[in-house]
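Below is one structure, written out as structure tokens; comments come after it.
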Amino acid sequence: MIATGVAPLRYSVSVPAPDDGSTRARLGMLETTHGTVETPVFMPVGTNATVKALDPDDLHEVGAQMILANTYHLYLRPGHRRIERLGGLHRFMAWDRPILTDSGGYQVVSLGELREVDDDGVTFRSHLDGSLHRFTPEQSIEVQQALGSDISVCFDQPVPPHSSARSVVADATRRTHRWAERCLAAHDRPDQALFGIIQGGLEEDLRTESTQAIAALPFAGICIGGLAGDETAAQRRAVLDVCVPLLASDPRPRYLMGLGSPADLLDAVDAGIDMFDSVLPARVARNGTLWVPEGRLNLRNARFLDDPAPVQDGCRCRACRSFSRAYLAHLVRADELLFYRLATCHNLTFLIDFMARIRSAIAEGSFPALVREQAARAAVSDGPTEPAA
Ligand SMILES: [Zn+2]
């Protein structure tokens, strides 16, 4: 067993990647201030200190081990100092398990016309009321420390991976390295871990440089940022095949930010990633698309209005235990609030159970077989299982 880190975070790899090179998938245990998380893990996103439409009981029932909250959104509303005065983010949202906060870098840099990046930080306008704000590495750490998440991450400058010029990527990557050192210097909350972020776009040499720069610093974990954007799956895998081998003997957890479809997660686990987050399963659920082993169902399709079957046979979720496709198809058409809850419960359960299956396969040494099985299934059921209504 390889272990790293001291309190507030300890990561141990219980099943390392096999020596035969068939996969870099590995099984691990992340011990945080608010409990233990098995990896590979998917973290649902609670943007505004809530995973949309779910309460903490629902989150426990779907099996969420850890969730993500957005620093940018909570800084603007209701304000990190208010949350701190009210006892911190865990108490505020009544979630007693681990929380990871992002740095706000992705949101403020994505604001486009509303922001200006310089070497010291980012000046941006609130998407809520147009008011002017400034984030620096120190400010991002201060907000995350006030929120009191178990894991904080560095303030970085992500750029769209596919559509950015090399000089833009190079500047953003080196700025991210300078900011990483400032985040480390600013961070002093003893019960909170800090992760560094690798950037570098799709450029092999910049990814190599960034991986070496971030891995050289004493972070508790390593994020791979600037992916899950406008790149193809093959481009993303190529970047992971640069970064992860450089971290092969590094025992810290690896977190790929922003990825959320089952096929993408499977490939990234195979590439050696331990942690994931995405709004995707909840967002598509709210739009009426539910994931099933065969693909996806669009509940807005008229044929479900008379279908008495559950969304997925054998699914343990709240929606599938009690309700039919017909009922859910009715709720989504009537724009009923209950639909958002039931649909989100199903998709998060689907993805969290998929991750549990991945962990079982790694433990049994059958992960490469699971990858082949899923690829064969995708080839057979390629295209929507549910034609557009
Ligand atoms: Zn279900």
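With contacts taken as Cα pairs under 8 Å and at least 6 residues apart, the chain reaches a relative contact order of 16 percent.
Within region 351-368, whose backbone N sits under 13 Å from a point 7 Å along Cα→Cβ of residue 380? Those under the cut-off are none; the list is empty. Descending by average beta-carbon neighbour count within 10 Å, the peptides 77-86, 146-155 line up as 146-155, 77-86, the highest first.
A simple packing score, the average count of other Cβ atoms within 10 Å per residue, orders the peptides 258-267, 334-343 as 258-267, 334-343, with the highest score first. Here the Debye sum runs over all C-alpha atoms of the chain as equal scatterers in vacuum, and log10 of I(q)/I(0) at q = 0.06, 0.07, 0.11 Å⁻¹ comes out as -0.23, -0.31, -0.79. The ratio of the alpha-carbon radius of gyration of region 1-96 to the globular-protein estimate 2.2 N^0.38 Å is 1.32. Does anything in region 111-151 have its amide N under 11 Å from the 7 Å Cα→Cβ label point of residue 185, and if so which residues? Residues 138 fall inside that zone.
Among beta bridges from DSSP that stay inside region 28-125, the antiparallel ones total about 60%.
Our note on the geometry: Cα centres of region 94-125 and region 289-323, 36 Å apart.
Going through the DSSP H helices of the chain, which span 18 Å or more along their own axis at the Cα atoms while scoring at least 0.5 as a mean Kyte-Doolittle hydropathy?
233-246, 337-364
Within region 214-361, DSSP assigns beta bridges of which about 45% are antiparallel (rounded to the nearest 5). Packing, as the average of other Cβ atoms within 10 Å across residues, places the peptides 286-293, 222-229, 14-21 in the order 222-229, 286-293, 14-21, highest first.
Over the chain, what is the percentage of antiparallel beta bridges among all DSSP beta bridges, to the nearest 5?
50
Model label points for residue 110 and residue 20, set 7 angstrom from Cα along the Cα-to-Cβ axis, are 4.0 nm apart.
Any read-out appearing in this document is the output of simple, stated calculations on the displayed coordinates, not a laboratory observation. All figures in this text were calculated on a predicted structure; none of them were measured in a lab. Counting neighbours? That spans all protein chains shown, and the Cβs are built from the backbone with ideal geometry, glycine included.
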